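The values are calculated or read from the model by the stated rules, or taken from the named source; none is laboratory data. Worth saying up front: this structure is predicted, and the values here are computed from it rather than measured. Note: ideal-geometry Cβ built from the backbone for every residue, glycine included; neighbour counts use all protein chains shown.
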Amino acid sequence: MPSIEEEIRQPSFRSPAHRTQVNIIYTAAWINQNTTQALRPFGLSIQQFNILRILRGRNGKPATVKLLTERMLDKMSNASRLVDKLKEKGYVRRQECETDRRRVDIVITEEGLDVIRRASEAVEETMASHFGNLTDDDFDELSTLLDRLRG
């Protein structure tokens, strides 16, 4: 397996911290590219996929756009615009909140549940084929280190 130096054709870095930073950015882009490829047959972006997964995880409870924004992995995304696109596809619906008429709730539809199930399977298969050289212990260690990095 090629090192980060080989992948980006850079013979050295200023420090181990700099090498790690570049490696994380490069690897995140690599994961995003593979995820995008897996989602393409479903007509979903990574951000739309994220919103559908959040809604599925709510087990039928509605969410507000504010809640979706808070829980999204990509904080730069426009959750309201993404919800509109998902609504056009029939994967979510907007409904007036029963207790607060000013609030609009977002609910995943049966069609949305179906597409997120199939898309999740495709993403998991893609990642399993690319992550096959790591063990569960490796994943646990990497996650722990990334948690520590964020402080």
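When residues in the range 1-16 are screened for being part of a loop (DSSP other than H, G, I, E, B) and either closer than 22 Å to L134 by Cα or under 25 Å from the mean Cα position of the chain (by Cα) (or both), 3 of them pass.
Evaluating E6 against the criteria (1) surrounded by 11 or more Cβ atoms within 10 Å (Cβ to Cβ); (2) out of contact with any Ser or Thr (no Cβ under 6 Å at 6 or more places or on another chain) leaves one unmet condition, (1). Among the residues of the range 72-130, the ones that are under 16 Å from Q48 (Cα atoms), in contact (Cβ under 8 Å) with a residue 40 or more places away in the chain and polar (S, T, N, Q) come to 1 in all. Among the residues of the range 34-58, which ones are outside any helix (DSSP H, G or I) and surrounded by fewer than 19 Cβ atoms within 10 Å (Cβ to Cβ)? Those that are outside any helix (DSSP H, G or I) and surrounded by fewer than 19 Cβ atoms within 10 Å (Cβ to Cβ): G43, S45, R58. Evaluating A17 against the criteria (1) surrounded by 14 or more Cβ atoms within 10 Å (Cβ to Cβ); (2) within 24 Å of S143 (Cα to Cα) leaves one unmet condition, (1).
The number of residues in the range 102-139 that are surrounded by fewer than 17 Cβ atoms within 10 Å (Cβ to Cβ), within 24 Å of K66 (Cβ to Cβ) and in contact with a helix residue (DSSP H, G or I) (Cβ under 8 Å, 6 or more places away or on another chain) comes to 3.
Comparison of R117, R71 shows that the only residue that is within 19 Å of the chain's Cα centre (by Cα), modelled with pLDDT of 95 or more and not small (G, A, S) is R117.
Listed here are the residues, each with its yes/no results for (1) under 30 Å from T27 (Cβ atoms); (2) aliphatic (A, V, I, L, M); (3) not in a helix (DSSP H, G or I).
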residue	(1), (2), (3)
G60	no, no, yes
L82	yes, yes, no
K87	no, no, no
D105	no, no, yes
G132	yes, no, yes
